[in-house]
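**Q** I am attaching a structure below and will ask some questions about it afterwards.
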Amino acid sequence: MYPKNDILTSMSDNRNQVISLISRIDSLTSLYLKTKLEKQGIIGIVSSHGFILHLLSLHKKLTMGEIALLIDRDKSTTTVLIKKLEQGGFVKKETCQKDSRIRYIKLTENGLKLTTTTADISEDLINTAYTDFSDSEKTELFHLLSKLEINFKNAENENKSLEWNLTYVLYKTIIIYIVLYKTILIYRGLFWKR
């Protein structure tokens, strides 16, 4: 058990450690979930899998793109997560009857059972996380962490915009070089013909 006062004192002395603290909390919650799942005989399932199972329990079926959007991951990462769940027998793919290009992801019976287990573990996690928190502290924490998330999303969008601008400049430069090169070749061709 950690001495609460020492942690609070060290944090108040150095607010620059907040990102490190968030990272440590993430590691601790991952370990907490892994340990609880393993006690239930469930190996290899991580929090991202649990979130996908939860979403499927709410929506019954989703496309890969819808899942990627809801869990805020790219499609390739989502595909890997779904593949792991499919290999474990927790989800299955189903082709849309109206459009064979569309494939839905659905829970299997094992997936439904796992969802119940993960819901119980998630409730334990939340109760552990909010031990000794007042309702107003819970609200404030959520508000502050949401602001932090927005800051990073805005920075990510600025980076994407910068990347797009650099890509566009590079593309235009390449086009200009191609046009110049063709012009030189045409000029040389006309020049040498004379």
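The values are calculated or read from the model by the stated rules, or taken from the named source; none is laboratory data. Model, not experiment: these values are computed from the prediction. FYI the Cβ positions are ideal-geometry reconstructions off the backbone, even for glycines, and counts take in every protein chain you see. Ligands, DNA and RNA are stripped out before the accessible areas are found, and what is left, the full protein with its side chains, is counted by its heavy atoms. Shrake-Rupley method; radii C 1.70, N 1.55, O 1.52, S 1.80 Å.
**Q** For residue 63, which sequence-distant residues (separation of 5 or more, or a different chain) have an amide H within less than 5 Å of its own amide H, given hydrogens modelled in the peptide plane?
**A** Residues meeting the criterion, in which the H sits 1.01 Å from N, are 105.
**Q** Pop out the carbon and sulfur fraction of the accessible area of the stretch 87-165 as a percent, whole number, probe 1.4 Å. List each step's numbers first, then the result.
**A** Values: 3200 of 6140 Å².
Reported share for carbon and sulfur atoms: 52 percent.
**Q** Which value, in Å² rounded to 10, gives the accessible area of residue 34 with a 1.4 Å probe and all protein chains present?
**A** Result for residue 34: roughly 110 Å² accessible.
**Q** Give me Rg over Rh for the stretch 14-134, both radii from the alpha carbons and Rh done the Kirkwood way, two decimal places. It would help to have the intermediate numbers written out before the result.
**A** Working: Rg = 16.3 Å, Rh = 15.7 Å.
Here Rg/Rh amounts to 1.04.
**Q** Of 39/138; 39/83; 39/106; 34/61; 92/113, which ones are farther than 20 Å apart at the Cα? Walk me through the intermediate numbers first.
**A** Details: 39/138 29 Å; 39/83 23 Å; 39/106 26 Å; 34/61 26 Å; 92/113 14 Å.
Exceeds cut-off: 39/138; 39/83; 39/106; 34/61.
**Q** Same structure again: As a test of reading the structure, rank 91, 179 by solvent-accessible area (1.4 Å probe, protein chains only), most first. Each step should come with its number before you reach the end.
**A** Details: 91 5, 179 85 Å².
In descending accessible area the options line up as 179, 91.
**Q** Express the accessible area of the stretch 1-144 per residue in Å², computed with a 1.4 Å probe while the remaining protein chains stay in the model. Can you show the working numbers first?
**A** Numbers: 10370 Å² over 144 residues.
Ligands and nucleic acids excluded, the figure is 72 Å² per residue.
**Q** Moving on. Give the calculated FRET efficiency between residue 31 and residue 131 to the nearest 0.05, with a Förster radius of 25 Å applied to their Cβ-Cβ distance.
**A** Numbers: r = 17 Å, r/R0 = 0.67.
About 0.90, to the nearest 0.05.
**Q** Not counting ligands, DNA or RNA, and with a 1.4 Å probe, what is residue 135's accessible surface area in Å² rounded to the nearest 10?
**A** Taking all protein chains as shown, residue 135 has close to 110 Å².
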